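In what follows, a structure is listed as structure tokens, so that the remarks can point back to it.
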Amino acid sequence: MKRVVIVGVGFGGLRAARILAGKGLEVLLIDRQNYHLFQPLLYQVATASLEQESIAYPIRALTRRWKGVSFRLVEVCGADLVNRKLLIAGGAIDYDYLILAAGSVTNFFGLVSIERHAYDLKTLDHAVDLRNQILGSFEKAARESDPAHRRALLTFVIVGGGPTGIEFAGALQELIRYVLAKDYPELHVAETRIILIEATDHLLAALPGELQIYALEKLRQMGVEVLLSTRVSGAEPDRVLLADGTAIPAHTLFWSAGVNAVPLASALSPAKAANGRIPVEPDLTLAGHPEVFVIGDMAYLEQDGAPLPMVAPVAMQQGEYAGKAVLLKNLNRPVVPFRYRDKGTMATIGRSAAVATAFGINVAGFLAWIVWLGLHLMYLVGFRNRILVLLNWAFYYFLHESQIRLITRKDEGGRCQ
């Protein structure tokens with residue numbers, strides 16, 4: 001029986017495994033986490049809207065239902081492509097086909113000070129750390145007597161005007177306005193600042209101009225300060241440095257300005273494209289290795305003169321394609337080139353407000369928000385998770401209340417000397 005090894009249990013890896021399950025192949029899923037993470041909702045964990053467990057699902061609970069699919073919790077270090085061996089911590093795994101779907105990491109563009117002081121959202125730990133920082137800042141501000149220091153504690157800088165930055169800014173503003181304002185009566189909402197910084201002259205680059213304008217106006221209406229055509233050059237513990245030489249006093253910096261392929265990509269292929277991605281053939285295979293597929297954020301493939309974006313829909317379609325391509329290759333049948341079908345882009349801005357475009361139709365406002373809710377619930381893995389998320393959303397929508405305001409960092413209350 002031939003073995004297919006899939007590295008990464010994100011959107012692409014899971015789709016490939018599901019296609020291959022029960023097809024007479026030995027399928028081995030590998031990841032250094034034992035769960036699938038629904039990354040699009042990480043910002044809601046960070047803003048105390050969802051429990052972290054509600055957006056993660058244990059992989060072994062999936063594989064036990066998929067015939068021929070197993071899972072191993074281990075870190076991948078590299079690959080011996082000539083001898084078809086995947087190098088893992090403490091050994092190696094033989095494969096007949098290899099599907100690389102390990103995803104991406106945050107791109108700090110070589111800015112060491114930002115990497116040291118900024119928060120990002122790629123893992124559950126990141127989301128919890130950011131939630132601790134937000135809630136901890138309010139606790140510190142509540143006992144701070146110096147107005148300037150208190151204002152810096154209550155200033156939150158977000159860098160990146162893509163969907164993640166937009167969604168986080170809107171959710172944070174609603175958390176502060178509807179929940180934290182009641183939790184901290186000794187503080188004034190007017191003292192808080194949420195500043196969204198974007199290097200270009202528009203938000204949501206993948207969306208049409210009218211939706212970009214809607215998102216900008218909606219954020220400003222909510223009280224978010226949006227700075228366009230502004231670049232961040234560095235960061236310190238208590239301020240964010242701008243390229244024009246000015247600085248914003250702030251203790252919290254959230255970075256969502258871009259992503260790179262995981263470092264594993266460098267260990268697997270000397271060829272690199274934009275964002276550290278691996279250039280692939282039209283059938284998503286590695287040049288010279290037709291048995292190795294690279295999909296999702298690790299893969300660089302141009303279509304219609306432009307590279308495919310590093311987003312979940314691309315990874316899901318490539319995962320399905322790679323699974324089917326393995327089945328065809330195993331039968332010595334031809335494989336047609338991969339073709340991405342763009343089904344649309346969307347982003348939520350806040351309560352009852354979102355933007356979406358699909359098949360040439362642009363939608364903004366409540367209808368787009370309902371569509372956003374439905375699609376995210378549909379793509380969540382696990383019936384229990386869908387119910388928990390839906391209940392949390394309903395509770396927050398009707399009562400303007402969040403029950404997950406937990407600080408799990410130990411130093412926020414101060415320590416005895």
- Please give the number of the condition residue 195 fails out of (1) touching a residue at least 60 places away in the same chain (Cβ under 8 Å); (2) under 18 Å from residue 348 (Cα atoms). (1)
- Message: Please list, ordered by residue number, the strands (runs of 3 or more DSSP E) wholly in region 193-271 having 1 or more residues that are closer than 19 Å to residue 310 by Cβ.
- Response: 252-255, 259-261
- Task: Taking the options 198, 167, name whichever one is at pLDDT 95 or above, charged (D, E, K, R) and closer than 21 Å to residue 45 by Cβ.
- Result: 167
- Query: Just wondering, is there one or more residues in region 41-57 that are within 30 Å of residue 346 (Cβ to Cβ) and in contact with a His (Cβ under 6 Å, 6 or more places away or on another chain)?
  - Reply: yes
- Task: Quick one: which residue in 152, 181 is touching an Asp or Glu at 6+ places or on another chain (Cβ under 9 Å), in a helix (DSSP H, G or I) and farther than 16 Å from residue 43 by Cβ?
- Result: 152
- Message: Show me the helices (runs of 4 or more DSSP H) entirely contained within region 1-102 in which 3 or more residues are modelled with pLDDT of 95 or more and buried (at least 22 other Cβ atoms within 10 Å of the Cβ).
- Response: 11-20, 42-46
- Query: What strands (runs of 3 or more DSSP E) completely inside region 324-417 contain at least 2 residues that are within 25 Å of residue 127 (Cβ to Cβ) and out of contact with any Cys (no Cβ under 7 Å at 6 or more places or on another chain)?
  - Reply: 345-350, 353-358
- Query: Of the residues 37, 50, 42, which is of a type outside the set (D, E, K, R) and in contact with a Lys or Arg (Cβ under 8 Å, 6 or more places away or on another chain)?
  - Reply: 42
- Working only within region 300-322, note down all residues that are assigned to a helix (DSSP H, G or I) and under 17 Å from the mean Cα position of the chain (by Cα). 312, 313, 314, 315, 316
- Item | For residue 177: the one exception among (1) in contact with a helix residue (DSSP H, G or I) (Cβ under 9 Å, 6 or more places away or on another chain); (2) outside the structural domain of residue 78 (by TED's automatic domain parsing); (3) modelled with pLDDT of 95 or more; (4) surrounded by fewer than 19 Cβ atoms within 10 Å (Cβ to Cβ) | (3)
- Note on the structure: Within region 246-277, the residues that are at pLDDT 95 or above and either farther than 30 Å from residue 99 by Cβ or over 18 Å from the mean Cα position of the chain (by Cα) (or both) are 246, 247, 248, 249, 250, 251, 252, 253, 254
- Those residues of region 290-320 that are farther than 23 Å from residue 256 by Cβ and at pLDDT below 95 come to a total of 2
- Counting only residues that are of a type outside the set (A, V, I, L, M), surrounded by 20 or more Cβ atoms within 10 Å (Cβ to Cβ) and touching a residue at least 24 places away in the same chain (Cβ under 8 Å), which one in region 349-371 is nearest to residue 165 (Cα to Cα)? 350
- Query: With respect to residue 409, is the statement that it is touching a residue at least 12 places away in the same chain (Cβ under 8 Å) and of a type outside the set (Val, Ile, Thr) true?
  - Reply: yes
- Condition broken by residue 384, with the remaining ones in (1) in the same structural domain as residue 171 (by TED's automatic domain parsing); (2) surrounded by 15 or more Cβ atoms within 10 Å (Cβ to Cβ) satisfied: (2)
- Query: Is it the case that residue 116 is at pLDDT 95 or above, assigned to a helix (DSSP H, G or I) and out of contact with any strand residue (DSSP E or B) (no Cβ under 9 Å at 6 or more places or on another chain)?
  - Reply: no
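The values are calculated or read from the model by the stated rules, or taken from the named source; none is laboratory data. Predicted model only: the values in this text are computed from it and were never measured. Positions of Cβ are generated from backbone atoms using ideal geometry, with glycine treated the same way; all protein chains shown enter the neighbour counts.
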